[in-house]
Amino acid sequence: MEDIVIAIMRSGTPLIYVTLAGVIAQRAGVWHLGLEGLMITGACATIVGIVLTGSVVLALLAAILICIVGSVLFWFVVEKLKANQIIAGLGLTGLGLGGTSLAIQSIFGSQAAISAPFGLPRLGAAFGAYGVLSVLVLAMPILVFLCWLLLCRTRFGLRLAASGEHPFAARSVGANPSAIRLAALVIGGALCALAGAELAAGSLQIFSQNMTAGRGFMGFAAVIFGAGHPLWATLAAIFFAVVGALGIRAQLVFGDRVPHDLLLGLPYIATVFGVWLSARLRGGARSATGGFGELRDS
């Protein structure tokens, strides 16, 4: 039982971080399909940073900085250049996937997987069997609470929601919707960097191409499934993580009796089901076409 819980926490933590990034962006009126690109960028930057500097702290700071730069670029394209946010988000994902491959090739002369000599600090023996988990797993519930507090119990959270739903009303009380969206995307970029760091350096200490395997899109689906609320979206992400962990355990139990590809695809099947169920329960998903669409306040 402990093995399953540990597997859920390992797979769920990066998914929850990237989901929180999507929730904050959605509150600001941004349907963020660039989460996947930022997440893999954070994973790559963390491992490369550890290899080149020998410091986890410097590697994390580099990952956060690079993801924030990517977030600012995304904001500039959709806010200032009035690009369609869906297309821009997919472009950011493509930039992250292709850019990390190019970076690995340029730095190490090969596109093979890169191993780091060590990863993120672990919880240690004081936590028993759970001591193998990284400190970002311990920080995850704290960040979920802080995200809920920020979005639901602060003036910034109210202005963030107003900027996403009614930008003219937000401007009437002195808020700047454009600046608030930028702040939301910057915070989300930092969370995506932490998600990538946990995925690459939390337990594996390795980076390989496309290792996020659609987790950014799962996080986006969790945002939809959780109706943009930080707690409900977190529960949706945990549900996807549980399905994934059970799929891995099923491979060990059933072996070749069940198609391997079917078991690997269980999290993605659950994601599609979650989006379908969310749309059915709420009568259809909200439109996110045309840049910021109705969110434009110029």
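The values are calculated or read from the model by the stated rules, or taken from the named source; none is laboratory data. Remember, predicted model here, so these are calculated numbers, not experimental data. Surface accessibility is based on the protein's heavy atoms, side chains included, excluding ligands, DNA and RNA. Shrake-Rupley method; radii C 1.70, N 1.55, O 1.52, S 1.80 Å.
I need the phi-derived Karplus couplings for segment 63-78: 6.51 cos²θ - 1.76 cosθ + 1.60, θ = phi - 60°, integer Hz, Gly and Pro marked x.
Taking θ as phi minus 60°, the curve returns 4, 5, 5, 5, 5, 5, 4, x, 5, 5, 4, 4, 4, 4, 5, 7 Hz for segment 63-78.
Spelling out what I want: for every residue of segment 115-132, take phi, set θ = phi - 60°, compute 6.51 cos²θ - 1.76 cosθ + 1.60 (Karplus), and round to whole Hz; glycine and proline get x.
9, 9, x, 7, x, 5, x, 9, 5, x, 5, 4, 9, x, 5, 7, x, 6
Heavy atoms only, probe 1.4 Å: what % of the accessible area of segment 133-193 goes to carbon and sulfur, would you let me know? Provide the component values of the computation, followed by the final result.
Values: 2020 of 2770 Å².
The nonpolar share, carbon plus sulfur, comes to 73 percent.
Read phi for every residue in segment 33-42 and hand back ³J(HN,Hα) as whole Hz from Karplus 6.51 cos²θ - 1.76 cosθ + 1.60, θ = phi - 60°, with x for Gly and Pro.
Values per residue, Gly and Pro as x: 8, x, 4, 4, x, 5, 5, 6, 5, x Hz.
So what's the gap between the Cα centers of segment 153-211 and segment 24-90, to the nearest angstrom?
10
Whole number please: convex hull volume per residue of the Cα set in the chain, in Å³? Let's see the in-between values first.
Values: hull volume 40.5 nm³, N = 298.
Normalising the Cα hull of the chain by residue number yields 136 Å³.
State in Å² the accessible area per residue of the chain; use a 1.4 Å probe, count heavy atoms of protein chains only, and round to the nearest integer. It would help to have the intermediate numbers written out before the result.
Numbers: 13260 Å² over 298 residues.
Accessible area per residue, the chain: 45 Å².
If you look at just the Cα atoms of segment 138-216, how large are its Rg and its Dmax in Å?
16.2, 49
Run lengths n ≥ 4 of DSSP H only: what is the helix-derived mean residue ellipticity at 222 nm for the chain, with -39500 (n - 2.57) per run over all residues, to the nearest 500? Let's see the in-between values first.
On the way: 12 runs with 207 residues, N = 298.
Helix contribution divided over all residues of the chain: -23500 deg cm²/dmol.
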